[in-house]
Amino acid sequence: MERLSKEFMDPYKNRSFLYKAWYFIWKDNSLLSWLINILLAFILVKFLIYPGLGLVLDTTHPVVAVVSGSMEHDIPFEQWWEMYGGWYEEKGITQEEFLRFDFKNGFNQGDIMVLRGNKPELINIGDTIVFRGNSNNPIIHRVVHKWKDAEGYHFQTKGDHNSDSSSGLGETDIFETDVIGKATFRIPYLGWFKIGFSQLL
């Protein structure tokens, strides 16, 4: 009885290295164990899950966090269209067409967007793409114009909340090789974890 109680009190005793490691990670409630768990989760996501998703979705950035409010619709759609619709109509995009677009009501800062790699010929006006512009971070905006020349496809985008396309961001002429992916799915507000962690670092 005494021997059993000692083994119960000392779960590491007479155990293999793998068992000790497993117990430390999953059962131990020490601060060091928690820190190791966080580190392992980061490594797992960064070097296994994220690249795996990228392989499946055919893009280098399968999941992105929205870090700005440039695609937000903070008022009902009819009011938003009264404010911004004239710009789109000048580009030949009617209200009826806009209502058929994916993410017609935009999305918010802090949202997570799931991307899929798309051949440039399959990206259409109204699609929301992530591209490398003249910013430190990739930009996610809506395609408002598309054309092709001898070199390939070009795109112009605009943030739904912005008054115009920004040449400073490089979104008035985006070449096909600068497109990272097309947004296909939205997870509201989950991106605040990533944004907060990035700011903390």
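The values are calculated or read from the model by the stated rules, or taken from the named source; none is laboratory data. Predicted model only: the values in this text are computed from it and were never measured. Glycine also receives a Cβ, built like all others from the backbone with ideal geometry; neighbour counts cover every protein chain displayed.
General observations
- Any pair with Cβ under 9 angstrom, 6 or more apart, that starts in the stretch 112-129 at a residue that is part of a strand (DSSP E or B) and ends at one that is hydroxyl-bearing (Ser, Thr, Tyr) and buried (at least 17 other Cβ atoms within 10 Å of the Cβ): Met113/Thr128; Leu115/Thr59; Arg116/Thr59; Thr128/Thr157; Ile129/Thr157
- Restricting the stretch 54-67 to residues that are in contact (Cβ under 8 Å) with a residue 40 or more places away in the chain and loosely packed, with under 15 Cβ neighbours inside 10 Å, the residue that is farthest from the chain's Cα centre (by Cα): Asp58
- Helices (runs of 4 or more DSSP H) wholly inside the stretch 6-74 containing at least 1 residues that are at pLDDT 70 or above and hydroxyl-bearing (Ser, Thr, Tyr): 31-44
- Boolean, Ile123 is in the same structural domain as His161 (by TED's automatic domain parsing), modelled with pLDDT of 95 or more and of a type in the set (A, V, I, L, M, F, W, C): yes
- Only a single item in (1) at pLDDT 95 or above; (2) surrounded by fewer than 17 Cβ atoms within 10 Å (Cβ to Cβ) is not met by Thr157, and it is number (2).
- Looking only at residues of the stretch 92-111 that are touching a residue at least 24 places away in the same chain (Cβ under 8 Å) and of a type in the set (D, E, K, R), we find that the one that is surrounded by the most Cβ atoms within 10 Å (Cβ to Cβ) is Asp111.
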